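The next block holds one structure in the form of structure tokens; read it before the comments.
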Amino acid sequence: NALWLTLALELLNLLDADDFAEAEAYAEGRPEEKLRQLVLNRCRALPPTLEGLYALFLRQVEKAAGVVETRSFAALLALSRYGWREEDLQVLLAPGAAVLFPGQPPVAWDALHFAAFRRFFRAHMVARGEFQQFDFAHANLRAAIRRHLQTEWRPTDADPLPALHTAIADCLETTLHD
């Protein structure tokens, strides 16, 4: 599957300092042999399904960019119909995070985080249309995130999707009236 392969390669490109420290822990071999062993171990551990690979991908992004920010950003894109402009995401991030992480301090927009998300999601996010709305390139990622929202990312026993849709609608209504 070409999408699986693209995502698997993205995961290998997201290796970070922890991963390289693991490679250094291998007892024997030259540095390039240790790196080769690390990559082979990562390849063997990749889930065989696209859904499993997306879950691993999202955990890697959370590790690098933060759980609250990653889940809020991903949820907003997954729930959009045609994507969001950067200005929309600036306004929507805090209300989205408040739904997913009730009781936590408000999340503020950070241009550096947005640049990181554009990098992490580079093969899976596109800018579409006249207004350059950022959206997921694949319906599979959108579906995987929606499943996460209804399972692992669920903040309470209630389904967060209606609350997220309400927060988005309220925010857009306020923005349109200002």
All but one of (1) over 20 Å from HIS113 (Cα atoms); (2) out of contact with any Pro (no Cβ under 6 Å at 6 or more places or on another chain); (3) among the aliphatic types (A, V, I, L, M) hold for ALA17; state the number of the condition that does not hold.
(1)
Just give me the residues in the range 93-111 being part of a helix (DSSP H, G or I) and surrounded by 11 or more Cβ atoms within 10 Å (Cβ to Cβ), in sequence order.
LEU93, ALA94, PRO95, GLY96, ALA97, ALA98, VAL99, LEU100
Test: ALA78 is in a helix (DSSP H, G or I), modelled with pLDDT of 95 or more and not charged (D, E, K, R):
yes
I need the full set of residues from the range 112-148 which are assigned to a helix (DSSP H, G or I), over 12 Å from the mean Cα position of the chain (by Cα) and among the aliphatic types (A, V, I, L, M), in order please.
LEU112, ALA115, ALA139, ALA143
Which fully enclosed helices (runs of 4 or more DSSP H) of the range 1-64 have 1 or more residues being more than 24 Å from LEU141 (Cβ to Cβ) and open to solvent by 70 Å² or more (accessible area, probe 1.4 Å)?
17-25, 31-45
Index of the failed condition, GLU130 passing every other in (1) farther than 25 Å from LEU3 by Cβ; (2) among the acidic types (Asp, Glu); (3) modelled with pLDDT of 90 or more; (4) surrounded by 13 or more Cβ atoms within 10 Å (Cβ to Cβ)
(4)
Filter the range 133-158 for residues that are aliphatic (A, V, I, L, M), surrounded by 14 or more Cβ atoms within 10 Å (Cβ to Cβ) and more than 18 Å from ALA8 (Cβ to Cβ) and give the result.
ALA143, ILE145, LEU149
Any pair with Cβ under 8 angstrom, 6 or more apart, that starts in the range 61-88 at a residue that is free of Cβ contacts under 8 Å to residues at least 40 places away in the same chain and ends at one that is crowded, with 16+ Cβ neighbours inside 10 Å and assigned to a helix (DSSP H, G or I):
GLU62/THR70; GLU62/ARG71; VAL68/ALA97; VAL68/LEU100; SER72/LEU93; SER72/GLY96; SER72/ALA97; SER72/LEU100
Only one of ALA25, ALA21 is farther than 24 Å from ALA65 by Cβ and small (Gly, Ala, Ser). Can you tell me which?
ALA25
Between SER72, SER80, which is touching a Gly at 6+ places or on another chain (Cβ under 6 Å) and among the polar types (S, T, N, Q)?
SER72
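The values are calculated or read from the model by the stated rules, or taken from the named source; none is laboratory data. Worth saying up front: this structure is predicted, and the values here are computed from it rather than measured. Using ideal geometry, Cβ is built from the backbone for each residue, glycine included, and neighbour counts are taken over all protein chains shown. Note: areas computed on protein heavy atoms with side chains; ligands, DNA, RNA excluded. Shrake-Rupley method; radii C 1.70, N 1.55, O 1.52, S 1.80 Å.
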